[in-house]
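Report on the structure given below.
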Amino acid sequence: ATRSLVVVVDSGDPSMTDTTAPGHDVLPDPGSVDSDSSSGLDEAPVAAADVSDGLSVDECVLKAVEAKERGNGSFKGGENAEACQAYQLAAQYLRRHSEVPAAKEVLLSVQTNLAAAQLRLELWEDAAAAATAALALDPASVKALFRRGVARARMGELSDAKADLTAVCKADARNRDARSELAAVQERLAAAKEAEKEKLSRLFAGKSLYAPEEREVRRKAAEQAKRDRERVAREAAEEEALRADWRRECERLREEARSERRGRREAAAAAAERAPFWRIARVWMRRMSLLPSASGSSTFSC
């Protein structure tokens, strides 16, 4: 079952009182309205004030960054509900300015962080919505794709989850978390497919008066099974390609590490060769006939 996170933002401004708190009814009790009075019926509803009213773009970005930092601190401390509140407040400051580059960059980070906090709270639907909002700002965001894929997997939307997680693995072959989640989703999809096949086999077991219709259903099922096998083969090929990319990347990183170590050793040897001590030592050893002369022979004798 999905759950919704209701966030009450405390802005610290006494003029922005929480209207959902006790003693502040959103609507009056019908029994408390005086039928002889027109007050409460003729007055137009007052729209809730936006936190960004009266603020410039720079001021909104500054306040959003402050709220985001508070959210990051709460997230690191395991206070995920408080982190969600802070991230949602930060998003409110920036929604009007999402086309401004500076605001857009902060808003993207806020939405991906909000999705992470909501995943911790197991608010799968809210997390998927936050990640989708981030992808509307940057369709290539690997973090947003991964977090939406995880949320969709938890909600049972396996095909959509697989699409998101596959995109993450293609963009970042070294992302082990994405590969693990993708493998789990693929296993669940395969199990669901097997369960459907078993259901069909039980449904058409034995003789029936509807043999022609059953044969047609079996034919369609066989065609679908063939398409599924072809799809699985393609996915296996893509998976193998991803693994090959992973191996090449690991080998490249190992080779870079080896080259770096060789370079350090060579630099150390060159520095030692250039050191004054060694130059003086070589001169002294030549004078003491401990090193070969220019002709290649040593004059040192016992």
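The values are calculated or read from the model by the stated rules, or taken from the named source; none is laboratory data. Worth saying up front: this structure is predicted, and the values here are computed from it rather than measured. Cβ: placed from backbone, ideal geometry, glycine included. Neighbour counts: every protein chain shown. We work out accessible area using only protein heavy atoms, side chains counted, and drop any ligands, DNA or RNA first. Shrake-Rupley method; radii C 1.70, N 1.55, O 1.52, S 1.80 Å.
Overview of values
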read-out: Filtered residues of the range 48-97 (kept if of a type in the set (Ser, Thr, Tyr), over 20 Å from ALA133 (Cα atoms) and more than 24 Å from the chain's Cα centre (by Cα)); value: SER56
read-out: One residue from LEU290, LEU253 being out of contact with any His (no Cβ under 6 Å at 6 or more places or on another chain) and at pLDDT 85 or above; value: LEU253
read-out: Failed item in (1) in contact (Cβ under 8 Å) with a residue 12 or more places away in the chain; (2) under 28 Å from LEU62 (Cα atoms); (3) not aromatic (Phe, Trp, Tyr), with VAL150 passing the rest; value: (2)
read-out: Residue that is modelled with the highest pLDDT [pool: residues in the range 98-118 that are open to solvent by 30 Å² or more (accessible area, probe 1.4 Å) and aliphatic (A, V, I, L, M)]; value: LEU108
read-out: Subset tally (residues that are under 21 Å from ASP53 (Cα atoms) and in contact (Cβ under 8 Å) with a residue 40 or more places away in the chain) for the range 68-86; value: 2
read-out: Identity of the residue in the range 154-163, in a helix (DSSP H, G or I) and open to solvent by 70 Å² or more (accessible area, probe 1.4 Å), that ends up farthest from ARG247 (Cα to Cα); value: ARG154
read-out: In the range 164-185, residue nearest to ALA244 (Cα to Cα) [restricted to those that are open to solvent by 60 Å² or more (accessible area, probe 1.4 Å) and assigned to a helix (DSSP H, G or I)]; value: LYS170
read-out: Test: residue in the range 125-135 that is at pLDDT below 95 and open to solvent by 50 Å² or more (accessible area, probe 1.4 Å); value: no
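Yes or no, residue by residue, for (1) exposed (fewer than 10 other Cβ atoms within 10 Å of the Cβ); (2) closer than 30 Å to LYS162 by Cα; (3) in contact with a His (Cβ under 8 Å, 6 or more places away or on another chain); (4) modelled with pLDDT of 80 or more:
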residue: ASP228; (1), (2), (3), (4): no, yes, no, yes
residue: ARG231; (1), (2), (3), (4): no, yes, no, yes
residue: GLU249; (1), (2), (3), (4): no, yes, no, yes
residue: ALA267; (1), (2), (3), (4): no, no, no, yes
residue: ALA275; (1), (2), (3), (4): no, no, no, no
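Table: residues versus (1) under 38 Å from the mean Cα position of the chain (by Cα); (2) under 30 Å from ALA144 (Cα atoms); (3) modelled with pLDDT of 80 or more.
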site: CYS169; (1), (2), (3): yes, yes, yes
site: SER180; (1), (2), (3): yes, yes, yes
site: ARG202; (1), (2), (3): no, no, no
site: LEU209; (1), (2), (3): no, no, no
site: GLU213; (1), (2), (3): no, no, no
site: GLN224; (1), (2), (3): yes, no, yes
